[in-house]
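What follows is a short report on a single structure.
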Amino acid sequence: MGTPYVGTSGYVYRDWRGRFYPQSLPQREWLGFYAERFDTVEINATFYGRFSRGVFERWGESTPERFRFALKGPRLITHVRRLREVEAPLEAFLFGARGLGSKLGVVLWQFPASMRADEEHVERLAAFCRLLPRGLRYAFEFRHDSWLAEGALEPLRALEASLVLNDSPHLPSWRIEMGGFTYIRMHGPGELYASRYTEEQLRSWADWIRERLRERDVYVYFNNDVRAYAVENAATLRGLL
């Protein structure tokens, strides 16, 4: 039987003060408050900048043993260099990330919609996958349908990596199950990042997730952060599971 991990994409949003976080709670205490209510969070800040190992260690120390982090890999690797000459930034990122210890749940690699599965990019992906150390969980998010071509995703299989399932009318959404776990990103049923799921919609998702949980862990992150819809929907789904 797998374990469900349900949380939000990020936890530091100013408009969550008063809606989720108490008005008087200092921001430095937000992670601890969040971790009392959810068992996972997806960190997007690691996509934009580099963090010292000490930051990751403090995150780990601020959360309970059951808590798991998903870290989005640096855009320097995925968007700027597009998997070329990435050995040094990859090593630096993973050195820091390992400061989380057993609380490092998944590393998310998100690629731009402009990155298509042509021969060059498929070869780069294969080379990149060979660089990734075994023993960690990886989820890959592609935003172009060309990656559905036969053989394009083959490099992921040796890693037992997961293919991200996006829920949004504005993004590709593929329910292709790979690897030993499922990774879902919930961006909102309508307006991207700014729409709320109904309880009926979440019940449907809960039924689908329970089927997966028979044999795999499932990670679910709500990215509809506007007006704290994400925490509301995550709490509802968590209760349904």
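FYI, it's all coordinate maths here, none of it is from the lab. All values reported here derive from a predicted model rather than from experimental measurement. Positions of Cβ are backbone-derived with ideal geometry, glycine not excepted, and every protein chain shown enters the neighbour counts.
In this structure, Tyr193 and Val80 have a Cβ-Cβ separation that, at R0 = 41 Å, corresponds to a calculated FRET efficiency of about 0.95.
Radius of gyration (Cα atoms) of the chain, expressed as a multiple of 2.2 N^0.38 Å: 0.98.
Centroid-to-centroid, using Cα positions, region 67-104 and region 181-205 are 27 Å apart.
Expressed in Å, the radius of gyration and Dmax of the Cα atoms of region 82-169 are 13.3, 37.
Annotation note: trypsin sites (Lys or Arg not before Pro) in region 148-205 located in DSSP loop regions with a Cβ neighbour count of at most 12 within 10 Å are Arg175.
When the convex hull of its Cα atoms is viewed from all sides, region 19-147 shows a mean projected area of 9.0 nm².
Taking GluC sites (Glu not before Pro) as exposed when DSSP calls them loop (any state but H, G, I, E, B) and at most 16 other Cβ atoms lie within 10 Å, what is the longest stretch of the chain free of them, the sites themselves excluded?
Details: sites that count: Glu36, Glu65, Glu85, Glu150, Glu160, Glu177, Glu191, Glu215.
Free of exposed loop sites, the longest segment is 86-149.
Taking Lys and Arg as +1 and Asp and Glu as -1, the other residues whose beta-carbon sits under 10 Å from that of Glu160 total +3. In this structure, the amide hydrogen of Asp39, modeled 1.01 Å from its nitrogen in the peptide plane, lies closer than 5 angstrom to those of Val6, counting only residues at least 5 positions away or on a different chain.
Relative to the Cα centre, the charge distribution of the chain, modelled as +1 at Lys and Arg Cβ and -1 at Asp and Glu Cβ, gives a dipole magnitude of about 620 debye. If you take all other residues with their beta carbon under 15 Å from the beta carbon of His144, and give Lys and Arg +1 and Asp and Glu -1, the sum is -1.
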